[in-house]
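What follows is a set of notes on a single structure, which appears directly below.
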Amino acid sequence: MMMNRNLVLYEEFVKYLIEQPALAESIPNGATLVFLPEDDPELYAANLELIEQARHDHAQVAAIRVKELVPPTRSRLIEPRLEPLAT
């Protein structure tokens, strides 16, 4: 589902902004952010349509080009064990 793929990109972008706060300052106030993932042609094309619609509606838009997403990392926990506690 394309909405889910956009949500993943949004979540990762927020994480990126936390690490690179200077980029956030360059985003125009009130701009709609639209992701253009270069490794997902279907989503890229759909999001280009969103950009065109926003432009047609005279909305301010900023495109975020994304080369690719790396695979999610696994947990860094080593052998966690659940220990039920008596009540």
Exercise. Return yes or no: is residue 64 modelled with pLDDT of 95 or more and at negative phi?
Key: yes
Quiz item: Taking region 41-87 as the search range and keeping residues that are among the basic types (Lys, Arg) and closer than 27 Å to residue 28 by Cα, which one is surrounded by the fewest Cβ atoms within 10 Å (Cβ to Cβ)?
Solution: 67
Practice problem: Just need a number here: residues in region 1-40 that are exposed (fewer than 11 other Cβ atoms within 10 Å of the Cβ) and among the hydroxyl-bearing types (Ser, Thr, Tyr). | Solution: 1
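The values are calculated or read from the model by the stated rules, or taken from the named source; none is laboratory data. Note that this is a predicted model, so its numbers are computed, not measured. Every residue, glycine as well, gets a Cβ built from its backbone with ideal geometry; the counts of neighbours run over all protein chains shown.
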